[in-house]
Amino acid sequence: MSDRKPFVGGNWKMNTNRTTGSDLARGVTDGLITVDGVDAAVFPPFPYLLTVRAILRDRGSSVRLGAQDVYHQGEGAFTGEVSMNMLKDCGTQVVLVGHSERRHVIGEKDEFINKKLRGVLENGLEAILCVGETLDERTAGHQDIVTARQVRTGLADIPASLVERLIIAYEPVWAIGTGKTATPEDAQDAHAQIRALINRMYGKDTAQRLRIIYGGSLKPDIAADIFSQKDVDGGLVGGASLNAADFVGLCKAAAGAGRAKP
Ligand code: 13P
């Protein structure tokens, strides 16, 4: 069994409504009651955080409540933004930072992502820093340079003590929502590069403890091969997380892969 407990997150993105989100949360919690060996989290849209939190709490579920984004300031004149304090107030335990859709659709830059990441970790929450190259960057052979820059800049001025609450998600942009999953070998290669970089930045112990999860067109039938790679510690799931049975299947696959690792 690996020292690193697998983690599987369901990023609902801008999907669901109060009814379908509630049904999904109930389906996920019920489906995971008998599943152990994996940390699972759901990331509903902001307006449904409290609804989903109530469902998780009522059922005594260990599924964590996550938020898809945050603003780094505590409070103030930042129209439309949501602060860390608000997320904590709503029972959020883990926050996505730097998702590819925030980077490439909304236009967030590495320095801004670093402020958010620092804010999340300094406020005692867990963070998932998302990194990954575009198709053009991969075609040019620049995937390792790009992900290394995103990791280095994202983690600037963040001490090792805070990295204990960090997960890194490698999500190649060309694999997100496209049905083109990275091969297990490509995923392993990218994860190993990231772990080696964390080793250089923070030392061996931190690098060995850090969970690095894969995201991009994960489906239950193909996930086991990716999750069984040495440096892949679970997944961040978009489309398939909107179906409770598929998400539960992915959690089971991650738990099984974790148990089988030396
Ligand atoms: P898909 O699983 O829909 O490709 O999305 C992945 C993702 O972006 C998770 O954050």
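Coordinate-derived values only; no laboratory data. All values derive from a computational prediction rather than experimental measurement. Counting neighbours? That spans all protein chains shown, and the Cβs are built from the backbone with ideal geometry, glycine included.
With the contact rule set at Cα under 8 Å and sequence spacing of 6 or more, what percent relative contact order holds for the chain? Don't skip to the answer; put the middle values down first.
Details: 511 pairs, mean separation 62.9, N = 262.
Relative contact order, the chain: 24 percent.
Counting only complete DSSP H runs, which helices of the chain cover 15 Å or more along their long axis at the Cα atoms and score a mean Kyte-Doolittle of -1.0 or above?
18-32, 110-122, 143-154, 184-202, 244-260
Report the Cα-based extents of the chain along its three principal axes, largest first, to the nearest Å.
46, 45, 34
At most 15 other Cβ atoms within 10 Å plus a DSSP loop assignment makes a site exposed; report the longest stretch of the chain without any exposed GluC sites (Glu not before Pro).
After excluding every exposed loop site, the longest remaining stretch is 165-262.
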